[in-house]
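Take a look at the structure set out below.
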Amino acid sequence: MQYTKEQLNSILKQPGPLDLANVDLGGADLSGSNLQGAYLVGADLGSANLTGANLTKALLWGARLNGANLNQANLGGAGLDRADLSKADLSGADLNGAVLKGAKYDQNTRWPEGFDPTAAGAIFEGTRKS
């Protein structure tokens, strides 16, 4: 299900952690949104704008974040197990305590400076640069 901007704004104003499991938020503008503790398991966030979003302790297991802009997002303590991070921009993101076990990334994924995705449990799926 794809949400209109009005529906999405209404959902984001609800109190407490949001349950958005398996929801299609592909291409949505969620920049600056407070998604702290949100349940986003299996959600489609492909090409979504999550710049500066608060995703602290959010559960994004198996979420599709391919091509998403997560620049300056707070992903501290977030569960990104098995998430698709191919072509995602995580530059400047806070990944302190985030769990990336089995998360997939490729050569186009942008990470914060000095961050080692393999050491964090992410799996490279792409073409290695020579």
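Would you check if there is a residue in the range 48-66 being under 21 Å from residue 5 (Cα atoms) and either touching a Phe, Trp or Tyr at 6+ places or on another chain (Cβ under 9 Å) or in contact (Cβ under 8 Å) with a residue 24 or more places away in the chain (or both)?
yes
May I ask you to verify whether residue 37 is out of contact with any strand residue (DSSP E or B) (no Cβ under 7 Å at 6 or more places or on another chain) and at pLDDT 95 or above?
yes
So in the range 1-32, with the set limited to residues that are part of a loop (DSSP other than H, G, I, E, B) and among the hydroxyl-bearing types (Ser, Thr, Tyr), which one is nearest to the chain's Cα centre (by Cα)? Spell out how you get there, then give the answer.
Residues of the range 1-32 that are part of a loop (DSSP other than H, G, I, E, B), as a first pass: 1, 3-4, 13-18, 20-23, 25-28, 30-32.
Filter once more, keeping what is among the hydroxyl-bearing types (Ser, Thr, Tyr): 3-4, 31.
Details: 3: 18, 4: 20, 31: 12 Å.
Filtering first and then ranking leaves 31.
Could you list, in sequence order, the residues of the range 1-47 that are surrounded by 15 or more Cβ atoms within 10 Å (Cβ to Cβ) and among the charged types (D, E, K, R)?
If the condition is that a residue be surrounded by 15 or more Cβ atoms within 10 Å (Cβ to Cβ) and among the charged types (D, E, K, R), then 24, 44 are the ones that fit.
So in the range 94-130, with the set limited to residues that are of a type in the set (Asp, Glu) and farther than 23 Å from residue 74 by Cβ, which one is surrounded by the fewest Cβ atoms within 10 Å (Cβ to Cβ)? Explain how you work it out, then say what you get.
Quick first cut of the range 94-130, residues of a type in the set (Asp, Glu) only: 94, 106, 113, 116, 125.
Now drop any that are not farther than 23 Å from residue 74 by Cβ, which leaves 106, 125.
Values: 106: 15, 125: 13.
Restricting to residues being of a type in the set (Asp, Glu) and farther than 23 Å from residue 74 by Cβ, the top hit is 125.
Would the range 75-93 turn up any residue that is in contact with a Pro (Cβ under 9 Å, 6 or more places away or on another chain), surrounded by fewer than 22 Cβ atoms within 10 Å (Cβ to Cβ) and among the small types (Gly, Ala, Ser)? Lay out the reasoning, then the answer.
Narrowing the range 75-93 to residues in contact with a Pro (Cβ under 9 Å, 6 or more places away or on another chain): 85, 90-93.
Still in the running and surrounded by fewer than 22 Cβ atoms within 10 Å (Cβ to Cβ): 91-92.
In the following step, the residues that additionally are among the small types (Gly, Ala, Ser) were identified as 91-92.
Yes, because at least one residue in the range 75-93 is in contact with a Pro (Cβ under 9 Å, 6 or more places away or on another chain), surrounded by fewer than 22 Cβ atoms within 10 Å (Cβ to Cβ) and among the small types (Gly, Ala, Ser).
If you go through the range 48-61, how many residues are closer than 21 Å to residue 102 by Cβ and surrounded by fewer than 19 Cβ atoms within 10 Å (Cβ to Cβ)?
1
Yes/no matrix, rows are residues, columns are (1) over 21 Å from residue 48 (Cβ atoms); (2) among the aromatic types (Phe, Trp, Tyr); (3) in contact (Cβ under 8 Å) with a residue 60 or more places away in the chain; (4) out of contact with any helix residue (DSSP H, G or I) (no Cβ under 7 Å at 6 or more places or on another chain):
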| residue | (1), (2), (3), (4) |
| --- | --- |
| 86 | no, no, no, yes |
| 97 | yes, no, no, yes |
| 117 | no, no, no, yes |
| 124 | yes, yes, no, yes |
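The values are calculated or read from the model by the stated rules, or taken from the named source; none is laboratory data. None of these values were measured; they are calculated from a predicted model. Neighbour counts run over all protein chains shown; Cβ positions are idealised from the backbone, glycine included.
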